[in-house]
1. For A:Arg26, state whether it is within 14 Å of chain B (Cβ to nearest Cβ), more than 30 Å from B:Pro464 (Cα to Cα) and part of a helix (DSSP H, G or I).
2. Sort out which residues of region C:133-176 are buried (at least 16 other Cβ atoms within 10 Å of the Cβ) and of a type in the set (Val, Ile, Thr), and write them in order of number.
3. Taking A:Phe617 and the conditions (1) at pLDDT below 80; (2) more than 10 Å from chain B (Cβ to nearest Cβ), which numbered condition does it fall short on, given that it satisfies the others?
4. Which residues, taken from region A:29-62, are under 14 Å from A:Val6 (Cα atoms) and in a strand (DSSP E or B)?
5. Listed residues A:Leu8, A:Leu52, A:Leu30; which is among the hydrophobic types (A, V, I, L, M, F, W, C), closer than 20 Å to A:Thr130 by Cβ and at pLDDT 85 or above?
6. Taking the condition of being farther than 12 Å from A:Val97 by Cα and within 11 Å of the chain's Cα centre (by Cα), how many residues in region A:246-259 meet it?
7. Being in contact with a Pro (Cβ under 9 Å, 6 or more places away or on another chain) and buried (at least 23 other Cβ atoms within 10 Å of the Cβ) is the filter here, so list the residues in region B:125-181 that pass it.
8. Among the helices (runs of 4 or more DSSP H) confined wholly to region A:494-576, which include 1 or more residues that are free of Cβ contacts under 8 Å to residues at least 12 places away in the same chain and surrounded by 19 or more Cβ atoms within 10 Å (Cβ to Cβ)?
Amino acid sequence: MIQAIVFLPLIGFLIAGLFGRRIGARASELVTTTLLFIAAGFSWIVFFDVALGHGHASAPVLANWFTSGKLSVDWALRVDSLTAVMLVVVNTVSALVHFYSIGYMHEDPSRPRFFAYLSLFTFAMLSLVTADNLVQMFFGWEGVGLASYLLIGFWYQKPSANAAAIKAFVVNRVGDFGFALGIFLVFQLTQSLSFEQVFAAVPGIAGHKIHVFGADFDALTLATFLLFIGAMGKSAQFLLHTWLPDAMEGPTPVSALIHAATMVTAGVFMVARLSPIFEYAPDTLAFVTLIGAITAFFAATIGLVQNDIKRVIAYSTCSQLGYMFVAEGVGAYSLGVFHLFTHAFFKALLFLGAGSVIHAMHHEQDMRNMGGLWNKIPFTFAMMTIGTLALTGVGIPGTELGFAGFFSKDAIIEAAFAAGEHRSVAYLAFISTVVAAGLTSFYSWRLVFMTFFGKAKESHADARAAHGHDDHTHADAHAHGHDDHAHDDHGHGHHAPHESPIVMLIPLAVLAVGAVAAGAVFMGDFAGHGYDEFWKGALYTGHDNHILHAMHEIPHWVSYAATVMMILGFLGAFFVYQLAPGTAQKIAHAFPRLYRFLLNKWYFDELYDAIFVRPAFALGRLLWKGGDGRIIDGLGPDGIAARVVDGARLAVKLQTGYVYHYAFAMLIGVAAVVTWFVAGGLR
Amino acid sequence: MSFSTALAHHFLPETILALGVLALILIGAWRGTRAFGLVNELAAGLLGLAILALFFGQTSEASLFEGAFVDDAFARFVKVLTLVGSLVTVLMSRDYLQRAKLGNFEFPVLVVLSTIGMLLLVSADNLIALYLGIELMSLALYVAAAFDRDDARASEAGLKYFVLGALSSGMLLYGASLLYGFSGTISFDGIAKAITGAPPLGVIFGLVFVLAGLAFKMSAAPFHMWTPDVYEGAPTPVTAFFASAPKMAAVAITTRIVFTAFPGIVGQWQQIVIFLAIASMLLGSFAAIGQTSIKRLMAYSSIGHMGFALVGLAAGNEAGVRGVAIYLAIYLVMTLGAFAAILQMRVEGRPVEKISDLSGLSRNNGTAAFFLAMLMFSLAGVPPLAGFFAKYYVLLAAVDAGLYPLAIIGVLASAISAFYYLRVVKVIYFDEPAPAFDQSPLSLRAVLAVSTVFLLGFWLYPAPVVEAATAAAKSLF
Amino acid sequence: MAVAFFYLFSAVLIASAFAVIVSRNPVHSVLYLILAFVNGAGLFLLAGAEFLAMILVVVYVGAVAVLFLFVVMMLDVDFAELRQGFSKHLPVGAAVGAVVLGELGLVALGWQSAPGAKEAAAAPIVAGVSNTAALGQVLYTKYFLFFQASALVLLTAMIGAIVLTLHHRPGVKRQKIEEQNARTRDNVIEIKKVPSRAGV
């Protein structure tokens, strides 16, 4: 069964990828989507069996991959509760996205390629989550990176898409480098890369020091730190986050699948999977908490002012990933995974909803050009509202009533507070997550109000003139031309907005169910009374880690804080965008520096450009023109090439074609060798 | 174990081929000129059957025929490679020979006979078995080279190969007689037992001459001179055969004889092997530059590759033999794939073999162009293709054995040879298109595709080949 | 006595082998070759292998060498042309040859066999079994593999000879006796009435 789950998408990829052109777009869609639905069905069966039922965790070995000295790596599929959760998330969202894409991409000429990539991504993600050793995990890790690169750059005719794809790839490379170094260090420490053996060896090496660069480091702290760098890259955490917003250049279903629900959560999954190691490295956990807290706050602030509908959601994703890392940093791995689980539903819902809006607006993505859509696309509006309610965490504290985000997100905030007793960084995380909850609420409702309410803005020119003053060049460059490949023939928004086809609405409805109910249904299993029966040891917590109990013994005001912030955020957005339209511009004028600071995303791109990109280009140019061109080419290749040509001429000259020459050459060869030995013997 | 069960367990592939080839000759004689297609298919079936016999046969070690024949994991590994080489040659040859009006049933018969010789050679455990194996293999090859007897170039190729082959056989026999004279026995084990302490000059001479004879068969420099002319002159399927199966057998018996007959004088034969390896690698990389015929290019390429295989042998230990075994397997696939591509080079019914005929292939036939380009990358040893791993294993063994200069020369030779492989890729992708090739038969396309997939996928799952090679190497020690 | 014959046979063998290479007339070369074979047979006799000696004479002298002789006589090869460049390559060739010869001399001078080699090499002569019978006894038992392999070599040689030389040329007129016998007057002759003075 597990083999089927993992390899069905691969089969789909191969069929659509190799024969897509031959069997046609429709067949490719059907094949990949059908296979994904089968895989998703199997995933749920596994989930009910392994996680909810009494099935045993297992790791069937498929084959030996390679063996070299002490290093032996197998292809194995590990199935335990953590994997089961991820299987459900990945396959469900992927199946729905495949389905949705049939509608969303119906105008695109290279659909077989798109579906092949989607299936390839799914396969890579599945091999990541079923990995039983670090090398296989790295295989999946790079595989999703590759698929992400291909999908971001899917419309390769667009320079901006290519640039975004390269950016995603390069930034991820930084993280992957850390991940690879971490794997090397783990092998160095434990002489193994298989999870069982590594986890068994970890308690024995706690406290070991290693000597690097003239200083002693705690071995496990360094190893986990390096591994976490990988997680930061893949999950777009602070400092390595810059690729995620640009990744919105890809088609919207891709954003929903890869850049919201699955791939970006790989880092969260990795930390949870490696919890037996991280638990022995408290310093790293503090770092994880800090990075998570900063990301949660920082991304939320940027989300406040973005105008591209997908970018708002992208920053929201970034921020929510920060929440998950906060949870893991304070030792509540199950809460991190739980938020991952619920977030997958409502964030995929929001992205697909946004896709539906974009589709309705004929590939318009700038929210300033939208408005008043609620009665034109009522179903999408309802779904987006559900997604927003779930994201902002609407619910009644103290009861079991609420949307998915209410359970998972508020639990993280409580856990952060509870952990503050032991670690002060957790208080910082508490404050930043609470504030971020308010910001989340604000920007989410801002999105809803700007998109669905207010005056309908049919003409772009008017809209742009009205908002001309805050058209910063950078933001403006992205406001144009998103997804504009497909609508050259019918222009920008000159048609009335229309509701999307049914094939796009069904996935929305399914995800909406998850967004509403996933929290209430599974809270007890993931982080409540059913903890032990559910996880069955898939997550590891140290002896003095009682965070899940401690979070129930916190003051009441903490539980209410998040809800209060959420309501404040809603009211703020309601006031600024509904009651007193124009307030936003006034605020922007009042604090122009702050506004531009946020609009330009804290100037991270400019900063990296100045620190890394331009010096790298300059250095590259220097080495190319000066080092390579003048010195190496001058002395090396050109000189050597001339000698090689001489050698070739000589060798060819020997080949005369006369048999007796050949025979003579053989005799000379024998004579030379014999003489060599005779001379050696005489010596 | 009775004699007949021993035969059935350890001599089955040879028995199948020997009895089968007699049947093929009868069928051919009976049906005359129309027999080619049938005999060709039956020959392929025989070879396939022999492979199956090896796969499902015994895994124990046995010595048969009073120590003349040994069946061990090493022999079985190389036999499978050899049989695959012959089988693919037979499959690929049919279309070419029929179009060239060379569709005589004798060709598959000769291939099978030669293959029997190779199998005997691989399992040879004394000097007479070695010699008979070599002669059976070579005699059929001489005839095959001149198979296109009305073509002056093919006749010349056959004659050249025959004359030089006779010379090399003479050397081999001379060396063998010296060894026999010294040790009083023809068995490899007996020779090994007789050589104790510092060897007298006579043994060294025997060793040199025997290795010279074997080096001729694997076309290692400076005993390679026949290779380019014969490769170019012989019909292309014959060239494919020359480049694949006999090389397996020659390298294998060289490996076996140095480890079973001369374990006491590793230092001495190591020097000879290093000399052969360096000469072959350098010649293979230099001389191929500037070639215009793809068949000649492949000739120099195979010389260079044999040099690399000998690098593993020069290491003189188990890891080295494992490297050699892996090298042979990967070389076989690369060579068969390359010749499958060369056999597809046919414009308006006439075969062409200039590198310039490949110009712009990417625009006429993108799939074939991609496969051929991957083959060239693999031949050049570009990671992650299999050709890289082949070189990696032998160079690793050489470095571990402390042969740094050899390894460095190997890397340099590899870099130089990359030039002409990549030039082919450049021609395929960036030159103005030459006339498009004809539609090629399914067998050629299948061989090309399968070999490329193997080369591309090797790094993902190298375990079967590596494990078999490890077991093979172990059985020699 | 036997030693004296050994050196006689050996000396003549080497001298005639040399003569095969250097004699200008190819027919002479073949004749020298026959002389070399005969001396080789003499060496076999001295070693007590009379069967091999006879086989050598019968097969090589009687069949192979005679065939050579025919071929050489019929082909009329211009050996003067083949010798062109002989003097040009002589110095290098002679130098390499001299080196190899010198080294072989060293080998011969310093020859030593492994202890026990002589005993291992000696074939036990069973009393009451003739040379030929002894060969027959081992040929199909101990050396079964070699026997079969040799048979395959010969088979290959035969096939090779046929493949390379047998031509089925169309249009060659051959005698077909059954057709000749089947000819009757009716199906061969056609009688035409030709009008006189009209020409054909």
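The values are calculated or read from the model by the stated rules, or taken from the named source; none is laboratory data. Model, not experiment: these values are computed from the prediction. Here the Cβ is made from the backbone with ideal geometry for all residues, glycine too, and neighbour counts use every protein chain on show.
1. So A:Arg26 fails the test.
2. Result: C:Val153, C:Thr156, C:Ile159, C:Val163.
3. That leaves (1) as the condition not met.
4. Passing the criteria: A:Val61, A:Leu62.
5. Numbers: A:Leu52 fails: at pLDDT 85 or above; A:Leu30 fails: closer than 20 Å to A:Thr130 by Cβ.
Being among the hydrophobic types (A, V, I, L, M, F, W, C), closer than 20 Å to A:Thr130 by Cβ and at pLDDT 85 or above holds for just one of A:Leu8, A:Leu52, A:Leu30, which is A:Leu8.
6. The first filter runs over region A:246-259 and keeps only residues farther than 12 Å from A:Val97 by Cα, leaving A:246-250, A:259.
Adding the requirement that they be within 11 Å of the chain's Cα centre (by Cα) leaves A:247, A:259.
Looking only at that region, the number is 2.
7. From region B:125-181, those in contact with a Pro (Cβ under 9 Å, 6 or more places away or on another chain) are B:137-138, B:141, B:144-145, B:147-148, B:151, B:154; that's our starting set.
Passing the criteria: B:Met137, B:Ser138, B:Leu141, B:Ala144, B:Ala145, B:Phe147.
8. none
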